[in-house]
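Here the structure is laid out as structure tokens; the discussion comes afterwards.
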Amino acid sequence: VASTRIADLKALNQHVIDSLPSGLATTDPTLRILSFNRAAELITGLSFPSVAGRRITEVLQLPQELVQAFERDLNGAPSRRVEFRYQTADKRGEIDVGLTATHLQTPGGRAGFLMTFQDLTDIKKLERGAQLQQRLAAVGEMAAGIAHEIRNPLASMSGSIQILRDELPLTEDQAQLMDIVLRESERLNTTINSFLAYARPQRFAIARFDVRRALNDAALLLRNSSDLHREHAIHVEVPDEEVALEADENQIKQVVWNLATNGLKAMPDGGTLTLAASADPATGVTLTVRDTGIGIAAEHLPRLTERFYRVERGRSRETGGTGLGLAIVKHVLQRHQGLLNVT
């Protein structure tokens, strides 16, 4: 009976050890492996028979400087914690491993070492991602602050030039130069405003609204915008029944406006811009902005929503536009769990 209980207890201990989510290994005083649990095999990709009797510093591929510090500290300290890169024996490649080592205490004294280790790869990826996001947020905040500081003196300079333009007796060349300054100031101000709209986190005011109203409002503004030529026609195609959407109405209007102004610019010789809406219980609300213009070369389509990537008449441009209109569209739609499709 006693031997059966001992056997059961040993089996239970082994089950407990193999059920641990962390790798667990024991070594003799010379760091040669005596045991290696199931989690240790999964993390390393090595079986216990293949590592038994080998030094654990070799099996876990500890760098030499870590081995020296490891052995030095363990002679005096109760435990030691290290993190390192490990090349697994299977197809996973390199992983991040965190290892804690402590003395294995027995009634007769120290009998070796107890090692526990974990695969930290996913945790490290999350940490690196969080650090990158923090840096990007800091850079974005700083850039938004700089843009805001540029906008204030720019407005003063533009206003001053306008006053001088109206009050001073100017030659034709001087008037043209001042007109250039005013146009470029306005273009720079537009770029700054677009950048701030993209960079600054905006609060959503989610509410139910009729998409048909948003499209008709956008069409009215477009018909009175500077981008509209006499050869342009704007059509709104909506069903008779309500097209309801739970979203931030102003930001959806911004999406429509950005797409529509791009459409007008793509029709330099005139054409028809169509704003349409439909609703389907399976797919949700679909907004369509369609023009009859010159189109976009296929090679540009994958990059359309990149920041500061500008395309007109099928080729990249160095001037004109801000290169942020479609990036803002994508940003707004992502926050609304929406999708952007371009053909």
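The values are calculated or read from the model by the stated rules, or taken from the named source; none is laboratory data. From a predicted model like this one, the values you see are computed outputs, not experimental measurements. No Cβ is skipped: glycine too gets one built from the backbone with ideal geometry, and neighbour counts run over all protein chains shown. Accessible surface is based on the protein model in full, side chains and every heavy atom, while ligands, DNA and RNA are left aside. Shrake-Rupley method; radii C 1.70, N 1.55, O 1.52, S 1.80 Å.
With respect to (1) open to solvent by 90 Å² or more (accessible area, probe 1.4 Å); (2) part of a strand (DSSP E or B), the lone exception for T116 is condition (1). A count restricted to the stretch 2-42 and to residues that are more than 41 Å from the chain's Cα centre (by Cα) and not in a helix (DSSP H, G or I) stands at 10. For the condition at pLDDT below 90, among the acidic types (D, E), closer than 24 Å to D122 by Cβ and open to solvent by 70 Å² or more (accessible area, probe 1.4 Å), E83 qualifies.
Only a single criterion out of (1) small (G, A, S); (2) modelled with pLDDT under 75; (3) under 29 Å from the mean Cα position of the chain (by Cα); (4) surrounded by fewer than 13 Cβ atoms within 10 Å (Cβ to Cβ) is not satisfied by G93, namely (2).
Yes or no: R317 at pLDDT below 70 and open to solvent by 40 Å² or more (accessible area, probe 1.4 Å)?
On the way: at pLDDT below 70: yes; open to solvent by 40 Å² or more (accessible area, probe 1.4 Å): yes.
So R317 fits the description; yes.
Looking across the stretch 31-57, the residues that are within 18 Å of I95 (Cβ to Cβ) and in contact (Cβ under 8 Å) with a residue 60 or more places away in the chain come down to A40, I43.
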